[in-house]
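Worksheet for the structure shown next.
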Amino acid sequence: MTPPRPPSIALAPPPSVRVRAPGKVNLSLRVGALQDDGYHPLVTIFQAVGLSEDVVAHQVPPGSGVSLSVTGLQADVVPTDETNLAWRAAVALAEHVGVDPDVRLEIHKEVPVAGGMAGGSADAAAALVACDALWDAGVPRADLVRLAAGLGADVAFGLVGHTAVGTGRGDVLTPAMTRGEFHWVFAVQAEGLSTPEVYRTFDETVGGPAELDLADDTALMQALRAGDAVGLGQVLRNDLQGPALALRPELQRTINVATEAGALGAIVSGSGPTVAALARSRQHALAIAASWTANDACDTVWCTTAPAAGARVVAH
Ligand code: C5P
């Protein structure tokens, strides 16, 4: 005999949701000529790294609106008003779902601010996932990715994570196959660089080609598939490195110190000023970190591994 079914229980929405989203490094970043919309076409290979942002979305009484606080690395320079990308993400999701944007967002930062590692974009990606869960909205993944792309070029990657090829503005993503774990060290500078300014310097100095060829990254994709860190280190590429160095010449020394410490490759991460060095192992990563510190080549050093997962709920 089947036992009587228990009465159905309507689950109360959680009082809060914590979501973790990764920072990124561009293993290859090829930039085309400036378009009429103010953006540059890109062919880039993103890799999500173990430096991450946590966004906690808390229930608040109806009609409270959005509020936001920030703690952690360089928190004092992050805006806590409606200009914050996570705030804008909450509003965009609420509009999409047709609910009032009532939420208290708490951001805990680990990814450098204006560092070329998409920390703000990670916050926005995490806020989308956190508010979706908090409001029990059940927005399909594809819609979240579309909303993300509307917020900024790197936000979609913060949702997806792992390793992916980005085209368009960097927001049209195709997953890339990788094997194993890569060891990275990041040299963080206290003062960030403005991404628009780096792109402007790119236009004024080098300028991009009218056409970008996907095939140019074949060797890099092979190294990723083989888990070949030595091969990967040899083909790292960033078209924004020259402009970032033009704006911050001292970053060249940071790159040189990593190279002298045996880094498999060392490049400016995205639009900088963070420098990323690829290491052979965790121990080698620590040695590069020690070298940067000993040579006073940066303000903070982080060792981590990659690839890392995209935005995901870690606790209620
Ligand atoms: O989209 P997001 O706000 O992250 O971009 C910041 C700025 O970086 C843009 O306003 C634009 O100046 C520049 N950018 C670009 N081409 C891209 C991505 C960003 O010119 N593909």
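The values are calculated or read from the model by the stated rules, or taken from the named source; none is laboratory data. Small disclaimer: the values here were computed from a predicted structure and weren't measured. Cβ: placed from backbone, ideal geometry, glycine included. Neighbour counts: every protein chain shown. Note: areas computed on protein heavy atoms with side chains; ligands, DNA, RNA excluded. Shrake-Rupley method; radii C 1.70, N 1.55, O 1.52, S 1.80 Å.
Looking at 81, 132, 100, which one is acidic (Asp, Glu), within 30 Å of residue 240 (Cα to Cα) and without any contact (Cβ under 8 Å) to a residue 60 or more places away in the chain? If you could, list the steps in order and put the result at the bottom.
Values: 132 fails: within 30 Å of residue 240 (Cα to Cα); 100 fails: within 30 Å of residue 240 (Cα to Cα).
The unique qualifying residue is 81.
Can you tell me which residue within the range 31-75, out of those that are part of a loop (DSSP other than H, G, I, E, B), within 15 Å of the ligand (Cβ to nearest atom) and touching a residue at least 40 places away in the same chain (Cβ under 8 Å), is surrounded by the fewest Cβ atoms within 10 Å (Cβ to Cβ)?
By that ranking, first place goes to 33.
Considering each of 268, 301 in turn, give the residue that is surrounded by fewer than 23 Cβ atoms within 10 Å (Cβ to Cβ), outside the structural domain of residue 157 (by the TED database) and of a type in the set (Val, Ile, Thr).
Of the residues listed, the single one that is surrounded by fewer than 23 Cβ atoms within 10 Å (Cβ to Cβ), outside the structural domain of residue 157 (by the TED database) and of a type in the set (Val, Ile, Thr) is 301.
Quick check, is residue 122 open to solvent by less than 40 Å² (accessible area, probe 1.4 Å), within 28 Å of residue 279 (Cα to Cα), free of Cβ contacts under 8 Å to residues at least 24 places away in the same chain and assigned to a helix (DSSP H, G or I)?
Numbers: open to solvent by less than 40 Å² (accessible area, probe 1.4 Å): yes; within 28 Å of residue 279 (Cα to Cα): yes; free of Cβ contacts under 8 Å to residues at least 24 places away in the same chain: no; assigned to a helix (DSSP H, G or I): yes.
It is false that residue 122 is open to solvent by less than 40 Å² (accessible area, probe 1.4 Å), within 28 Å of residue 279 (Cα to Cα), free of Cβ contacts under 8 Å to residues at least 24 places away in the same chain and assigned to a helix (DSSP H, G or I).
Look through the range 147-203, keep the residues that are among the basic types (Lys, Arg) and within 16 Å of the ligand (Cβ to nearest atom), and return whichever of them is most open to solvent (accessible area, probe 1.4 Å).
Restricting to residues being among the basic types (Lys, Arg) and within 16 Å of the ligand (Cβ to nearest atom), the top hit is 200.
Regarding residue 114, is this residue within 16 Å of the ligand (Cβ to nearest atom), touching a Gly at 6+ places or on another chain (Cβ under 8 Å) and open to solvent by 20 Å² or more (accessible area, probe 1.4 Å)?
Considered against the rule, which asks whether it is within 16 Å of the ligand (Cβ to nearest atom), touching a Gly at 6+ places or on another chain (Cβ under 8 Å) and open to solvent by 20 Å² or more (accessible area, probe 1.4 Å), residue 114 comes out as yes.
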